[in-house]
Amino acid sequence: MEIVRQEAKSARLCPRGHVATICIRVFKGRRDVLVHLFRPDWTSEEAVYSWPELVQEDPQTGPPTSRGDSRAVLLESFNREEMDRIVEYLTARYADRLTRISINSLEFPLPAGLLPLSAMPEGKDIGRIRFEIVPRYPLPFVVHGLYDLSQHKPLDPGPSQT
């Protein structure tokens, strides 16, 4: 399993802003499925940040007022300690199932109008992995993973037997 880290080019304006994508070797009949990790619960932190430095506001509409905005993208990201613990957990528990963990840092200010992962509806192809329901989940915070199976080809069934 490969672990790739890319740090932000700009100075850190906020302890949050670390994001990760894992690649699962085989998942739900698909190969190399990308899963984007995020924090699904962050409402208590919303008032803590200096938003004008972190998110560009739309001059037409002003500050965003709903969860469907760039503020939520930042709030569902991880701090460095959380990201390190996630990587430790994933490598210990799923090393044989993952091909890659990619970790990136958000660049600030974030553009206005980004769609947070937590706002994506689940359906036929789009779903969530809720790591906290896995037995012996060791992290003190909740991590979810969003995947879209329509972005990945089905496994090759192999030659048909006749």
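The values are calculated or read from the model by the stated rules, or taken from the named source; none is laboratory data. All figures in this text were calculated on a predicted structure; none of them were measured in a lab. Cβ atoms come from the backbone with ideal geometry, glycine included; neighbour counts cover every protein chain shown.
Being in contact (Cβ under 8 Å) with a residue 24 or more places away in the chain and buried (at least 18 other Cβ atoms within 10 Å of the Cβ) is a property that holds for E76. Listed by first and then second residue, the pairs with beta-carbon distance under 7 Å, at least 6 apart or on different chains, first residue in region 132-155 and free of Cβ contacts under 8 Å to residues at least 60 places away in the same chain and closer than 23 Å to Y89 by Cβ, second surrounded by 15 or more Cβ atoms within 10 Å (Cβ to Cβ) and of a type outside the set (A, V, I, L, M), are Y137/F131; P138/Y89; L139/R85; L139/Y89. The single condition from (1) among the basic types (K, R); (2) surrounded by 12 or more Cβ atoms within 10 Å (Cβ to Cβ); (3) more than 16 Å from the chain's Cα centre (by Cα) that R136 fails is (2). Applying a threshold of 7 Å to beta carbon distances and a minimum spacing of six or more residues, or different chains, the list of pairs starting in region 39-53 at a residue that is free of Cβ contacts under 8 Å to residues at least 24 places away in the same chain and ending at one that is not aliphatic (A, V, I, L, M) reads W51/P63; W51/R71. Just give me the residues in region 3-40 being touching an Asp or Glu at 6+ places or on another chain (Cβ under 9 Å), in a loop (DSSP other than H, G, I, E, B) and surrounded by fewer than 19 Cβ atoms within 10 Å (Cβ to Cβ), in sequence order. Residues satisfying the conditions are A8, K9, S10, L13, C14, P15, P40. State which residue is nearest to the chain's Cα centre (by Cα) when the search covers only region 4-49 and only residues that are at pLDDT 90 or above and of a type in the set (S, T, N, Q). It comes out as T21.
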